[in-house]
């Protein structure tokens, strides 16, 4: 016998119906639509950067050496904490390297979880291959320790005979990674389910995209729960049905399809001759003539033989050169105003120009005011 309260059963039925609607909308989304999770993120749900200073030991003579004073002092301080007192001036080792350890603390990371760390040499070490990172506290921007790192360093490269003129090096052996090398010791408090308001931040702020996103959320849930206060933010009020269940609400919202609006833009790379046009690029009706000057030099070799019965005559090779100068006589093309990217491309292809010629044409179109797009040169 079902002893659940009728109101609770109704809430669960409504939730199931909404989930079915989300799946149907996701299956019928147009090709141009993108998921909200791909164009926006939840404010407050982000990574936090951690860093720390440590020592890598066990190197095969490729460490910092005695010239890096901070490495020697760090090694002396570490040994002193372990009960070994030694003067830094007496330390003569080459198998220790000072490094900076960096990583990103993922959102909702829990104590005991492991994350990868990046180990980078800050001294004059030549190679970290085969080294082991000693226990290194990793701190956040607030100075608190959130994780500790330790373990063998994997460089993914090597360096042999460097500095001898016949050395071989692959990748960067002074930078390595420890997979799962950091153990999280402290969590960042975040009671996500207790939120009464969610804020979505667009990766690329745009008024049209923000409005479409708010409309898509309101249409999916049948309520005016979302609004766009500016071009990069969408505020979503958590409905009573999802109080204490914000995770389920976000799972439904982030799979909704929204078509992002794009600014008409043409990207030009003059170094490589690359031209990229956006979908909304338009050109006004304009006449274009694109000509060039070609110079061709032809060389023909002839054999000059002496006259018959000449006593001291010799056969000599002579060269006749001919220079041809031609100026292109390309006709004046009338390019009609395009209503789609395909029509613009076909009109420009009718000129028979190369990508590098397109760069000059686009710059001239922009100067003439006939290009209805932003021209960006990188």
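What to note about this one:
- The one condition from (1) over 27 Å from residue 184 (Cα atoms); (2) under 35 Å from the mean Cα position of the chain (by Cα) that residue 71 does not meet is (1).
- Among the conditions (1) modelled with pLDDT under 90; (2) part of a helix (DSSP H, G or I); (3) touching a strand residue (DSSP E or B) at 6+ places or on another chain (Cβ under 9 Å), the only one that residue 193 does not satisfy is (3).
Rundown of residues vs (1) part of a strand (DSSP E or B); (2) outside the structural domain of residue 64 (by TED's automatic domain parsing); (3) over 30 Å from residue 116 (Cα atoms); (4) at pLDDT below 90, yes/no style:
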{"residue": "180", "(1), (2), (3), (4)": "yes, no, no, no"}
{"residue": "220", "(1), (2), (3), (4)": "no, yes, yes, no"}
{"residue": "223", "(1), (2), (3), (4)": "no, yes, yes, yes"}
{"residue": "236", "(1), (2), (3), (4)": "yes, yes, yes, no"}
{"residue": "241", "(1), (2), (3), (4)": "no, yes, yes, yes"}
{"residue": "249", "(1), (2), (3), (4)": "no, yes, yes, no"}
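The values are calculated or read from the model by the stated rules, or taken from the named source; none is laboratory data. Predicted, not measured: the structure shown is a model, and the values here were computed from it. Using ideal geometry, Cβ is built from the backbone for each residue, glycine included, and neighbour counts are taken over all protein chains shown.
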